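The numbers here are math on the coordinates, done by the rules we state, and not lab data. A quick note: this is a predicted structure, and the numbers were derived from the prediction, not measured. FYI the Cβ positions are ideal-geometry reconstructions off the backbone, even for glycines, and counts take in every protein chain you see.
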């Protein structure tokens, strides 16, 4: 029998009971972290068991080649009530692993955390407290970093360039200890970009974000997965994904060089006519400078075209080999 409602009458629906839906989801990308799995899981489980909220932990194995997959399986057997495992068929990168976790979260609040224990699991309650105050994104920033000299200052320089080029103000782009309301994560998942810089994208979607200081410690074990090339690669992804400033910059540079070239031409022409001066060293230097600017500009244009190409192709961002999770409360 069809039920009719009068105009303006609110349709009241009984809430549908959903079993085993957590209030907090924690997403952790894993790549060759066999030395950290045990200590990370113990500290994280202890912290989350003590805060009085239902939760789930989603470990995303990003194609690890060590014992990480086996150790995660063993962890799932012990704590299948809160642990879920997503296993890729290859290595796709940290941000892609987080995106895969985002696609499977069930909580109202989502927390991201690196597996290297440089950010402490014990700080998660601080982020959740800020969410409870009404903020929709809580970003951690490393007040005192314990990375080497190169990583620390290279990161600061890159953060400065990113902020100026994209207009996205964040105290620490590289800190992955962050908490998001579910609607922000849903919007991030909807974007189909091949290179998604999650922290910046989420910051754009947030209406009421806040940054709080978090403790940063030396890596518990293993080495950093980020080389100089990867840092540069991430910077290019961010710049070309969020801003036209690089293209506008080269437009301005092109105009300035064109103007300088015209002035230089007339100066040299005057010298040749008046004093018959023949100096070629400066000519070559100018040509090399011009060529370097052109090559860099073409490379930058290629970055934008590459992003457009992959967006059109719509290749899958990742392929999941296996998902381990508790089904229907069993």
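Table for the structure above
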read-out: Pairs of alpha carbons in the stretch 56-152 whose separation is greater than 23 Å (percent); value: 36 percent
read-out: Per-pair calculated FRET efficiency, R0 = 51 Å: residue 301 and residue 21 via Cβ, rounded to 0.05; value: 0.60
read-out: Percent of Cα-Cα distances greater than 18 Å, calculated over the stretch 13-119; value: 46 percent
read-out: Two-site FRET efficiency, residue 38 against residue 312, from Cβ-Cβ distance with R₀ of 30 Å, rounded to 0.05; value: 0.10
